[in-house]
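**Q** Let me give you the structure first, and then I'll get to my questions.
The values are calculated or read from the model by the stated rules, or taken from the named source; none is laboratory data. Worth saying up front: this structure is predicted, and the values here are computed from it rather than measured. Every residue, glycine among them, receives a Cβ derived from its backbone with ideal geometry; neighbour counts consider all protein chains shown.
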């Protein structure tokens with residue numbers, strides 16, 4: 001799957017094609033894909049990074065969807081065989097044959113269950129079971145404390161803070177709900193300074209940005225980790241309390 005540019009006209013998730021409302025959430029409710037926008041003028045390595053993540057996520061979602069379908073087919077076969085066993089009580093020979101078939105299907109079903117368990121352990125609980133079940137979401141608050149120096153807040157932040165994050169920026173005017181940013185900067189967080197168990201500082205060094213007013217949003221492109229939601233310290237993390245004015249930074 002190639003890079004998908006999310007904009008105002010986008011109506012479907014690029015992974016599972018589920019409808020996306022105009023006031024889109026941080027993550028697709030069906031496949032757990034993070035709804036972000038990478039601008040066309042982003043660097044090649046950032047586009048490649050995004051495309052690789054999108055391709056991997058799509059392949060894994062397809063594998064697990066196919067696995068669930070096979071399990072459902074096996075369950076249906078087992079139910080049908082159970083009916084045959086009840087009918088075969090009139091004949092010992094027929095009953096034994098049906099039991100052998102049932103054992104075969106049970107073995108196949110156990111193998112498929114083991115495969116899904118492997119995917120669960122590798123990719124998280126959001127891939128199986130109730131589609132409303134998602135990976136844990138961690139909220140990390142941020143604020144700007146000086147020129148391109150940011151402070152982040154979260155319990156046990158040293159363990160949860162990603163090794164790299166994307167800083168999306170829109171100059172002068174608010175971005176749309178689902179993206180439409182001018183800049184996307186990859187930030188290595190190895191140089192962050194841990195203040196205490198809940199706080200760390202990170203200075204962003206970049207010569208591409210000119211002075212002016214920017215609307216900012218941080219996001220995490222590593223889907224193998226828990227879902228991470230960044231929001232400004234003074235704004236809520238729910239759509240009803242979201243305020244883009246809280247995200248303005250002045251350079």
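**Q** For residue 85, are the conditions met, namely being at pLDDT 80 or above, assigned to a helix (DSSP H, G or I) and in contact with a helix residue (DSSP H, G or I) (Cβ under 8 Å, 6 or more places away or on another chain)?
**A** No, not satisfied.
**Q** Go through (1) at pLDDT 85 or above; (2) in a loop (DSSP other than H, G, I, E, B); (3) within 22 Å of residue 55 (Cα to Cα) one by one and return the number of the condition residue 168 breaks.
**A** (2)
**Q** Checking residue 42 against (1) modelled with pLDDT of 80 or more; (2) assigned to a helix (DSSP H, G or I), only one condition comes out false. Which one?
**A** (2)
**Q** Also: Within the bounds of the stretch 48-61, is there any residue that is part of a helix (DSSP H, G or I) and touching a helix residue (DSSP H, G or I) at 6+ places or on another chain (Cβ under 7 Å)?
**A** yes
**Q** In the stretch 16-28, how many residues are part of a loop (DSSP other than H, G, I, E, B) and modelled with pLDDT of 80 or more?
**A** 4
**Q** Mind listing just one residue for me: the one in the stretch 146-165 that is over 20 Å from residue 222 (Cβ atoms) and at pLDDT below 90 and, of those, surrounded by the most Cβ atoms within 10 Å (Cβ to Cβ)?
**A** So the residue we want is 148.
**Q** Moving on. If you scan the stretch 176-205, which residues turn out to be in a strand (DSSP E or B) and in contact (Cβ under 8 Å) with a residue 40 or more places away in the chain?
**A** Within the stretch 176-205, 176, 179, 183, 184, 186, 195, 199, 200, 201, 202, 203 qualify.
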